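J.: Sending over a structure as structure tokens; questions will come in a sec.
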Amino acid sequence: MTARTGQQYLDGLRDDRTVWLGNEKVDIMSHPAFAGSLKGMAGYFDWQNTHAEDCLTPDPETGKPMSASLIVPRNAEDLQRRHKAFERFARYSVGMLGRTPDYVNVTLAGFVARNDIFESKGDKTYSDRLRRFYREVVEGDLSLTHTIIHPVVDKSIPDTQGVNGECALKVVRRTKDSIVVRGAKILATLGPFADELFVYPGVPQPPSVNPDTLLAFSIPMNTKGLITLCRDHYGVNSSAGDHPFSSRFDEQDAFMIFDDVEIPNERVFIDGDLDIYNGLMRHGWAANIMQQTCIRAAVKLEFAYELCTRMAQATNADKRPETAALLGELWAYSQLTRSAITAAEAGAHDWGNGAFFPDDRPFRATRAMMPGWMVKANDAIKTIGSHNLLATPSLDAIDNPEIGHLIKTYMPGSNGMSARDRAKLFRTAWDFAGSALGGRVELYERFYLASAPRNFALDHMFAQMEREWTEVPAMLKAIGVD
């Protein structure tokens with residue numbers, strides 16, 4: 001099987017995974033809260049088939065169609081082929097879904113491209129395992145989520161230590177054919193709706209770290225002892241017209257608990273090796289994954305700009321200088337993101353072992369700036385929409401014979417816009433930025449690529465390492481200042 005349909009994806013979720021929502025252990029396929037999310041994720045798989053010319057590509061080994069997000073990039077053509085796929089995938093949800101399968105797929109493909117890191121000690125065991133797992137994902141068109149961060153209990157101590165060393169995921173027992181792990185990891189976005197949980201390095205660790213916490217592996221979501229603890233669900237049982245995002249696109253976030261989970265050795269890719277663990281994230285991970293994240297961000301920012309422009313036109317507010325300036329600011333964010341993508345792809349090169357990744361510098365700069373741009377986009381929606389976001393009837397009310405004619409009379413838009421078109425527009429804006437799901441998505445944008453201050457600090461560190469900065473003394477010397 002390759003390039004699954006939505007129904008095939010749903011069929012693959014019918015298992016005995018352990019999922020908690022509130023204080024209830026639930027079956028995700030029958031619980032009413034998850035119905036819209038499942039429909040939305042199934043739609044993603046149908047979308048890739050509808051737009052196969054963009055989203056799918058022949059599997060080099062079998063010739064069957066596979067997701068283009070699983071291309072192992074070896075040249076500029078591969079990157080452009082992926083670009084086309086990422087653009088189309090992002091347009092399915094106008095960027096509101098942050099953890100569609102192509103997100104983790106591109107990480108996995110990048111790790112396969114850098115299999116030399118796994119073989120750096122002269123042992124091919126782990127890279128061979130990773131390659132076999134990659135083939136499972138390709139041939140099954142599996143949906144992966146990841147969880148890569150230890151729970152943060154006390155910021156004054158290392159996250160691998162936690163409380164009495166009990167929180168961080170670690171090996172507690174070994175058998176001839178497996179390791180047994182215990183602990184927790186955050187944050188598995190898409191967790192309840194994924195086929196596999198992929199655990200891999202999140203941040204470099206110091207030499208003093210407990211080697212039993214240095215792990216990379218993947219397991220099915222229904223593995224015994226794996227517990228998916230969901231946050232409150234923000235999906236709503238409502239029409240797509242009234243809630244275009246909340247009715248379909250709550251991808252859910254989950255705290256993952258490993259209650260003595262047995263991992264077959266075949267699925268273990270890093271086991272205690274500090275050099276490989278740290279090296280994996282330092283040699284191209286950001287350059288590879290940020291092509292997908294920036295393309296999604298550009299699609300989302302462009303949608304936000306158009307949404308704000310249409311809202312302003314609906315009340316003739318676009319004629320005001322302050323509104324026009326706000327709209328221009330949003331447009332600038334979208335184009336700066338597009339420019340970073342163009343620059344990064346133009347500077348793409350072999351990062352080692354034939355892994356052809358973009359230049360990471362434009363992406364790293366965008367990674368630190370983007371959270372602020374997303375927050376400002378939401379703020380612009382609220383500023384331009386103002387009280388109108390709170391005075392928008394449901395589409396069903398407009399169709400109601402008792403009240404509908406009054407709504408059409410008193411709630412139209414400017415320039416001949418009907419009350420129905422105005423309601424669709426402002427309801428979309430509210431669901432984007434003001435609903436429970438909109439608030440969750442904003443928080444996701446702030447932190448899913450680490451916090452902005454941390455990324456700025458890393459950017460400074462990398463900038464100092466990349467070259468000598470000698471312009472200041474050179475300038476002073478040139479003008480004769482001793």
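J.: Go through the residues of the range 205-219 one by one and say whether even a single one is open to solvent by less than 30 Å² (accessible area, probe 1.4 Å), at pLDDT 95 or above, farther than 19 Å from V19 by Cα and assigned to a loop (DSSP other than H, G, I, E, B).
T.: yes
J.: Return only the number of the condition from (1) of a type in the set (S, T, Y); (2) touching a helix residue (DSSP H, G or I) at 6+ places or on another chain (Cβ under 8 Å); (3) touching a residue at least 12 places away in the same chain (Cβ under 8 Å) that S435 does not satisfy.
T.: All conditions are met except number (2).
J.: With the requirement that a residue be touching a strand residue (DSSP E or B) at 6+ places or on another chain (Cβ under 9 Å) and among the basic types (K, R), what does the range 170-185 give you?
T.: Step one: filter the range 170-185 for residues touching a strand residue (DSSP E or B) at 6+ places or on another chain (Cβ under 9 Å), giving 170-175, 177-185.
Across the range 170-185, the qualifying residues are K170, R173, R174, R182, K185.
J.: Are any residues in the range 334-380 of a type in the set (D, E, K, R) and either touching a residue at least 12 places away in the same chain (Cβ under 8 Å) or over 19 Å from M281 (Cβ atoms) (or both), and if so, which ones? Quick ask: steps written out before the conclusion?
T.: Of all residues in the range 334-380, those of a type in the set (D, E, K, R) come to 338, 345, 350, 359-361, 364, 367, 376, 379.
Result: R338, E345, D359, D360, R361, R364, R367, K376, D379.
J.: Please enumerate the residues belonging to the range 313-322 that are in a helix (DSSP H, G or I), farther than 11 Å from N388 by Cβ and of a type outside the set (D, E, K, R). Write out each step before concluding.
T.: We begin by selecting, within the range 313-322, every residue in a helix (DSSP H, G or I); these are 313-314, 317-319, 321-322.
If we keep only those that are farther than 11 Å from N388 by Cβ as well, we get 313, 318-319, 321-322.
Within the range 313-322, Q313, P321 meet the criteria.
J.: If we only count helices (runs of 4 or more DSSP H) wholly inside the range 36-151, which ones have 1 or more residues that are closer than 27 Å to E442 by Cα and open to solvent by less than 50 Å² (accessible area, probe 1.4 Å)?
T.: On the way: elements: 52-55, 76-92, 101-113, 115-118, 125-140.
Of the helices (runs of 4 or more DSSP H) lying wholly inside the range 36-151, those with at least 1 residues that are closer than 27 Å to E442 by Cα and open to solvent by less than 50 Å² (accessible area, probe 1.4 Å) span 52-55, 76-92, 101-113.
J.: To continue, here is another question. When you go through (1) of a type outside the set (G, A, S); (2) closer than 14 Å to I257 by Cβ; (3) within 22 Å of the chain's Cα centre (by Cα) one by one for K170, which number turns out not to apply?
T.: (3)
J.: Six or more apart or on different chains, Cβ under 7 Å: which pairs go from a residue in the range 314-333 that's more than 20 Å from D421 (Cβ to Cβ) to one that's among the aromatic types (F, W, Y)? Could you list them?
T.: Listed by first residue and then by second, the contacts come to L330/Y305; W331/Y305; Y333/W373.
J.: Scan the range 297-311 and tell me whether some residue there is buried (at least 22 other Cβ atoms within 10 Å of the Cβ) and over 27 Å from the mean Cα position of the chain (by Cα).
T.: Yes: the range 297-311 contains one or more residues that are buried (at least 22 other Cβ atoms within 10 Å of the Cβ) and over 27 Å from the mean Cα position of the chain (by Cα).
J.: Ok, one more. Only one of (1) at pLDDT below 95; (2) open to solvent by less than 50 Å² (accessible area, probe 1.4 Å); (3) within 15 Å of the chain's Cα centre (by Cα) is not met by G162, so which one is it?
T.: Of everything listed in (1) at pLDDT below 95; (2) open to solvent by less than 50 Å² (accessible area, probe 1.4 Å); (3) within 15 Å of the chain's Cα centre (by Cα), G162 misses just condition (3).
J.: Still on this structure, please answer the following. Can you tell me which of R14, R74 is of a type outside the set (S, T, Y), at pLDDT 95 or above, farther than 28 Å from W351 by Cβ and over 21 Å from the mean Cα position of the chain (by Cα)? Step through it out loud before you land on a result.
T.: Details: R74 fails: farther than 28 Å from W351 by Cβ.
One residue alone meets the criteria, R14.
J.: Now for a separate question. Regarding S143, is this residue small (G, A, S) and out of contact with any Pro (no Cβ under 9 Å at 6 or more places or on another chain)?
T.: Numbers: small (G, A, S): yes; out of contact with any Pro (no Cβ under 9 Å at 6 or more places or on another chain): no.
So S143 fails the test.
J.: Can you name the residue in the range 390-427 that is in contact (Cβ under 8 Å) with a residue 60 or more places away in the chain and outside any helix (DSSP H, G or I) and, of all such residues, is surrounded by the fewest Cβ atoms within 10 Å (Cβ to Cβ)?
T.: Per the stated criteria, the residue is N415.
J.: Can you tell me which residue within the range 341-362, out of those that are out of contact with any Cys (no Cβ under 6 Å at 6 or more places or on another chain), among the hydrophobic types (A, V, I, L, M, F, W, C) and part of a helix (DSSP H, G or I), is farthest from R454 (Cα to Cα)?
T.: Keep residues of the range 341-362 that are out of contact with any Cys (no Cβ under 6 Å at 6 or more places or on another chain), which gives 342-362.
Of the ones still in play, those that are also among the hydrophobic types (A, V, I, L, M, F, W, C) are 343-344, 346, 348, 351, 355-357.
Next, from what is left, pick out any that are part of a helix (DSSP H, G or I): 343-344, 346.
Working: A343: 23, A344: 21, A346: 27 Å.
Looking at residues that are out of contact with any Cys (no Cβ under 6 Å at 6 or more places or on another chain), among the hydrophobic types (A, V, I, L, M, F, W, C) and part of a helix (DSSP H, G or I), I get A346.
J.: Same structure again: Those residues that are out of contact with any Ser or Thr (no Cβ under 9 Å at 6 or more places or on another chain) and in a loop (DSSP other than H, G, I, E, B), I need them from the range 182-201; list them, please.
T.: P201
J.: Output the qualifying pairs, or none if there are none: Cβ atoms under 6 angstrom, residues six or more apart or on different chains, first residue in the range 23-49 and at pLDDT below 95, second residue open to solvent by less than 60 Å² (accessible area, probe 1.4 Å) and in a helix (DSSP H, G or I).
T.: none
J.: Further question on the same structure: Please go through the range 428-482 and pick out each residue that is of a type in the set (A, V, I, L, M), open to solvent by less than 30 Å² (accessible area, probe 1.4 Å) and within 22 Å of L389 (Cα to Cα).
T.: From the range 428-482, those of a type in the set (A, V, I, L, M) are 429, 433, 436-437, 441, 443, 449-450, 452, 457-458, 461, 463, 465, 472, 474-476, 478-479, 481; that's our starting set.
Then keep just the ones that are open to solvent by less than 30 Å² (accessible area, probe 1.4 Å); that gives 429, 433, 437, 441, 449-450, 452, 463.
Within the range 428-482, A429, A433, L437, V441 meet the criteria.
The values are calculated or read from the model by the stated rules, or taken from the named source; none is laboratory data. Bear in mind the structure is a predicted one, so any value in this text is a computation, not a measurement. Ideal geometry is used to build each Cβ from the backbone, glycine not excepted, and the neighbour counts take in all protein chains shown. Please note that ligands, DNA and RNA were not included when accessible areas were found on the heavy atoms of the full protein model with its side chains. Shrake-Rupley method; radii C 1.70, N 1.55, O 1.52, S 1.80 Å.
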